[in-house]
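What follows is a short report on a single structure.
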Amino acid sequence: MSSDKKRVQFRAPHRLVDRADALADVLGEDRTDILVTAVREYLQDATQNDTLIQEIAAAYYDDEITFDQLKALVGAEKAANLRVLKQQLEGDFVDEVAEL
């Protein structure tokens, strides 16, 4: 993992923070480590969901997210495949194939 860090501030329910603090105490870690691990695991699990991947792809096809964002979400190989598919779906490519 990259050593580059970005400060993030957000509000969370007290109960959630209390649970993160309790787990941090048990594991001898700090709250930030617990929350970063939880977010990382959530994103990994979420991007294995076929329905969510379809939503991510649709957002990319509609230019709502960039290729770099797509790659960060689904990985380099899947992002490259989706980029090729997007290029194929664009009007010029479809018109060229239709003329063959």
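The values are calculated or read from the model by the stated rules, or taken from the named source; none is laboratory data. Values in this document were obtained by computation on a predicted structure and should not be read as measured data. Backbone-built Cβ (ideal geometry, glycine too); neighbour counts: all protein chains shown. We work out accessible area using only protein heavy atoms, side chains counted, and drop any ligands, DNA or RNA first. Shrake-Rupley method; radii C 1.70, N 1.55, O 1.52, S 1.80 Å.
Selection over the stretch 4-20 of residues that are acidic (Asp, Glu) and either in contact (Cβ under 8 Å) with a residue 12 or more places away in the chain or under 28 Å from GLN69 (Cα atoms) (or both) gives a count of 1. I need the full set of residues from the stretch 58-78 which are within 21 Å of TYR42 (Cβ to Cβ) and of a type in the set (Phe, Trp, Tyr), in order please. Correct list: TYR60 only. If you filter the stretch 1-55 down to residues that are among the β-branched types (Val, Ile, Thr) and surrounded by 10 or more Cβ atoms within 10 Å (Cβ to Cβ), you find that the one that is farthest from ALA72 (Cα to Cα) is VAL17. Take the conditions of a type in the set (A, V, I, L, M, F, W, C) and under 28 Å from GLN87 (Cβ atoms) and apply them to ALA57. Does it pass? Yes, satisfied.
Only a single criterion out of (1) modelled with pLDDT of 95 or more; (2) at positive phi is not satisfied by VAL26, namely (2).
Show the residue pairs that are 6+ apart or on different chains and have beta-carbon atoms under 8 Å apart, the first residue being within the stretch 36-50 and farther than 18 Å from LEU70 by Cβ and of a type outside the set (D, E, K, R), the second being open to solvent by less than 90 Å² (accessible area, probe 1.4 Å) and modelled with pLDDT of 90 or more. Cβ pairs passing all conditions: ALA38/ALA20. Here TYR61 passes the criteria (1) more than 13 Å from the chain's Cα centre (by Cα); (2) open to solvent by 100 Å² or more (accessible area, probe 1.4 Å); (3) at pLDDT 90 or above except the one numbered (2).
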